[in-house]
Amino acid sequence: MIDKETVNIGWRAPSNIALVKYWGKRAGQLPENGSLSITLDKSSTTTFLSFKQKKHPEESIDMEYYFHDEKNEKFNEKIERLLSNLLPLLPFLTSYQLSFYSENNFPHSAGIASSASSMAALALCLVSMEERVTNTKLPEEAFFRKASTLARHGSGSASRSVYGGIVSWGKIASIGQSSDEYAIPFPLHKDSRLNNIRDIILIVSSEEKYFSSSYGHDSMVSHPYREGRKAQVNSNLDQITKAIQENNTKVLAKISENEALSLHALLLSSESGVVLLKPNTLRIIDEIRQFRESSGLDLFFTIDAGPNVHLIYFEEHRELILNFVQGTLSHYCENGAWIDDKIGSGPMLLTPQTEI
Ligand code: PMV
């Protein structure tokens, strides 16, 4: 056990964008289907956790949560509930006073999942804390698996944000080691073109989403297209994993666009008929497809559960794509706003690791 002094741990975790979408879940935040994403480089959450042993251990979680330097009651409640649920996995938590200080470096509602980066950063801090308070050093693979498992409970897509590169989550027939419990990195050859993948996030609207992804997941339980979606996503996973291994960017593009449009088709055809796409989302899709046709370049789009479009392309075409974005696509963006990001190498520990 450590002494009664305060200990600080900090992690920065990136967000990710799914090419194959997790949509629908079972009890324990387990996914109905496998998913596959690109971890972003810049767009990330930084979280510091400071903890101090309580004089009298109680049974409840004792914590405060600061978001951009301000106490945030909404996040506090959410995280407290999460930590209480995680007690079987982290039984030491009730013996400490916990303070979280968290910041995102990207705008709210920008089409970047802040729940993915924030829950991943939080989970990584908790596993580092576990190492400190139990005086044990986990092997690297076990460390990140535990972080991914914890992150999953906070937000399913967060399970993928504890790794860099291309990451899959959920049992996938073509990926031997895959699991519903945690994500795993998808190995890329060092000369794979996918190491040079880039993402421009076109901000069509920064309005708050009026529905939560939980609604979307729940809507799949009795969705009329439930079985069709399962068959579709399994076939898409099969094709995309082969395409990545074979550097087949045409198939990668086809599957990614099909997944984005299917996600919205499922929302549109759900009981509440959720419409998240905006007219400019559709205009951007049209422009991207026309530009691909006329330029012959490899570029494609994906969209998360919102109106903003991720334009995916490769480093070697950066100049041409930037011209296209500045000259054409930015006109469809709210105040011309877009975010420049790319595939990243994963989370980073921000505080010096003390020898255990
Ligand atoms: O992690 P959640 O529960 O917010 O769900 C994320 C769902 C999508 O972003 C639409 C798809 C995905 O796999 O990230």
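The values are calculated or read from the model by the stated rules, or taken from the named source; none is laboratory data. From a predicted model like this one, the values you see are computed outputs, not experimental measurements. Positions of Cβ are backbone-derived with ideal geometry, glycine not excepted, and every protein chain shown enters the neighbour counts. Accessible surface areas use protein heavy atoms only, side chains included; no ligands, DNA or RNA. Shrake-Rupley method; radii C 1.70, N 1.55, O 1.52, S 1.80 Å.
Just to be sure I understand, how many residues within region 45-60 are under 20 Å from S117 (Cβ atoms) and open to solvent by less than 10 Å² (accessible area, probe 1.4 Å)? Summing the residues that are under 20 Å from S117 (Cβ atoms) and open to solvent by less than 10 Å² (accessible area, probe 1.4 Å) in region 45-60 gives 3.
Here K171 fulfils each of the conditions (1) within 19 Å of the chain's Cα centre (by Cα); (2) open to solvent by less than 70 Å² (accessible area, probe 1.4 Å) apart from (2). Just a yes or no: is a residue in region 125-145 closer than 19 Å to P31 by Cβ, in the same structural domain as T39 (by TED's automatic domain parsing), open to solvent by 10 Å² or more (accessible area, probe 1.4 Å) and away from the ligand (no atom under 16 Å from the Cβ)? Yes, region 125-145 contains at least one residue that is closer than 19 Å to P31 by Cβ, in the same structural domain as T39 (by TED's automatic domain parsing), open to solvent by 10 Å² or more (accessible area, probe 1.4 Å) and away from the ligand (no atom under 16 Å from the Cβ).
Which residues, counting only those in region 296-306, are within 16 Å of the ligand (Cβ to nearest atom) and open to solvent by 20 Å² or more (accessible area, probe 1.4 Å)? Within region 296-306, D304 is the sole residue that qualifies.
With respect to the conditions (1) crowded, with 19+ Cβ neighbours inside 10 Å; (2) assigned by TED's automatic domain parsing to the domain that holds S213, N323 falls short on a single one, namely (1). Candidates are the residues of region 18-30 that are surrounded by fewer than 24 Cβ atoms within 10 Å (Cβ to Cβ) and assigned to a strand (DSSP E or B); the one that is nearest to the ligand (Cβ to nearest atom) is K25.
Listed here are the residues, each with its yes/no results for (1) more than 13 Å from the ligand (Cβ to nearest atom); (2) at pLDDT 95 or above; (3) on the phi > 0 side of the Ramachandran plot; (4) outside any strand (DSSP E or B).
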residue: I9; (1), (2), (3), (4): yes, yes, no, no
residue: A13; (1), (2), (3), (4): yes, yes, no, no
residue: N16; (1), (2), (3), (4): no, yes, no, no
residue: S37; (1), (2), (3), (4): no, yes, no, no
residue: L40; (1), (2), (3), (4): no, yes, no, no
residue: T46; (1), (2), (3), (4): yes, yes, no, no
residue: P57; (1), (2), (3), (4): yes, no, no, yes
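Among all positions in region 80-89, there is at least one residue which is within 15 Å of the ligand (Cβ to nearest atom), assigned to a helix (DSSP H, G or I) and among the hydrophobic types (A, V, I, L, M, F, W, C). Counting only residues that are touching a residue at least 60 places away in the same chain (Cβ under 8 Å) and under 18 Å from T149 (Cα atoms), region 80-112 holds 5 of them. You will find that of G336, G327, the residue that is without any contact (Cβ under 8 Å) to a residue 12 or more places away in the chain, under 16 Å from R292 (Cα atoms) and not acidic (D, E) is G327 and no other.
In the set (1) within 13 Å of the ligand (Cβ to nearest atom); (2) open to solvent by less than 30 Å² (accessible area, probe 1.4 Å); (3) touching a Leu at 6+ places or on another chain (Cβ under 9 Å), S148 fails one condition alone, (3).
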